[in-house]
Amino acid sequence: MTAARTMRRAWWKTALGVVFTALMLFPVYWMANVSFTRTGDLRRTPPQWFPWDPTFDGYAAVFAQQLPALGTSLLIGLGSVVVTLVIAAPAGYALALLNMRGGRSLNFLLLVAQMIPAVVMAMGFYAVYNSLGLLNTVWGLIIADSTISVPFGVLLFSAFMSGIPRELLQAARVDGAGAWRTFASIVLPVSRNSMLTVSLFAFLWAWSDFIFASTLNRNGQLIPITLSIYNYIGNNTTQWNAIMATAVVASVPAAVLLVIAQRYVAAGVTAGAVKD
């Protein structure tokens, strides 16, 4: 009787989970549906729930026109990952393991920095970049996007590294390793899961950024995909199938990274660091 009741309860939870998942993924399905729909069928009533007469014109436009923008977004994302790791990993190490003075105050300031709206930051960056000549440059966007991921990365590294067994650090000091040698040889290898987590979020933030791109790089020669997609929106006509095809193609790298990295994101910070 108990087993039957448990099975009924499990079935109910599974059905509810399927319904919620379908609701959340419906925009993704509709995006893919519209990307294959012909322009003349977009305004049908009722709408086409499935592209019975599909067209690949949108995807042809993407691969003919949007590859440079995709490459620019990839460059910005990877650059943001590098800048974030170079700054956030040593900062998290100092806050977590070096007993740095003012660490709690700095943690609070990092939390406050994450609460500042991106629009406000973009206006500040515009004024600074206008003076430094960094407007409409890829490096300007990399630096701007990194300001979103660096505070998050420092907080995450600090939380991860504070759980590293002190025995590892003491053993490194006994062997004569200094702070930087301990950081490079002990702390970073143990914190590989946190590095992958920070890298993933830094890349996704830079990949999906629109506010900084539209404010700081509107007239640049190299523009990211989030800004290039607006080339299909005109005053009189809008190429919805090309827009949705671009969105589908731009979503593939993010989806692949999420699938590959999810096991590392969920893994323990110091799993396997100390053997019994």
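Since every read-out is calculated from the coordinates, none of them should be taken as a lab result. The structure presented is a predicted model; accordingly, all values stated were derived computationally and were not measured. Positions of Cβ are backbone-derived with ideal geometry, glycine not excepted, and every protein chain shown enters the neighbour counts.
Overall shape: oblate for the chain, with the ratio a/c of the largest to smallest alpha carbon gyration tensor axis at 1.5 or above and b/c at least equal to a/b.
Compute the distance from the alpha-carbon center of the stretch 64-109 to that of the stretch 238-258, in whole Å. If we compute the Cα centre of each part, the gap is 25 Å.
When chymotrypsin sites (Phe, Trp or Tyr not before Pro) are flagged only if DSSP places them in a loop and at most 16 other Cβ atoms lie within 10 Å, the longest unflagged stretch of the chain comes out as 57-209.
May I ask you to derive the relative contact order of the chain, considering only C-alpha pairs under 8 Å and at least 6 residues apart, and to give it as an integer percent? Present the calculation step by step, with values, prior to reporting the outcome.
Details: 297 pairs, mean separation 85.4, N = 276.
It rounds to 31 percent for the chain.
Prolate is the label for the stretch 56-154, because the ratio a/c of its alpha-carbon gyration tensor axes (a ≥ b ≥ c) is 1.5 or higher and a/b is greater than b/c.
Below 14 angstrom from the Cβ of VAL138, what's the summed charge of the other residues (Lys, Arg +1; Asp, Glu -1)? Walk me through the intermediate numbers first.
Details: positive: ARG218; negative: ASP145, ASP209.
Cβ neighbours under 14 Å give a net charge of -1.
If the elastic network links every pair of Cα atoms under 10 Å, which of ALA88, ALA206, ALA60 fluctuates the most in the Gaussian network model of the chain? Fluctuation is largest for ALA60.
Of the chain, which part is the longest with no trypsin sites (Lys or Arg not before Pro) in a loop (DSSP not H, G, I, E, B) and with at most 15 other C-beta atoms within 10 angstrom? It would help to have the intermediate numbers written out before the result.
On the way: sites that count: ARG38, ARG43, ARG44, ARG101, ARG218, LYS275.
Of all site-free stretches, the longest is 102-217.
Does a label point 7 Å from the Cα of ASN231, set along Cα-to-beta-carbon, have any residues of the stretch 41-83 with amide nitrogen under 11 Å, and which are they? Residues 61-70 fall inside that zone.
Net charge near PRO224: determine it from the other residues with C-beta under 13 Å of the C-beta of PRO224, scoring Lys and Arg +1 and Asp and Glu -1. Mind showing how you got there, number by number?
Values: positive: ARG218; negative: ASP145, ASP209.
The answer is -1.
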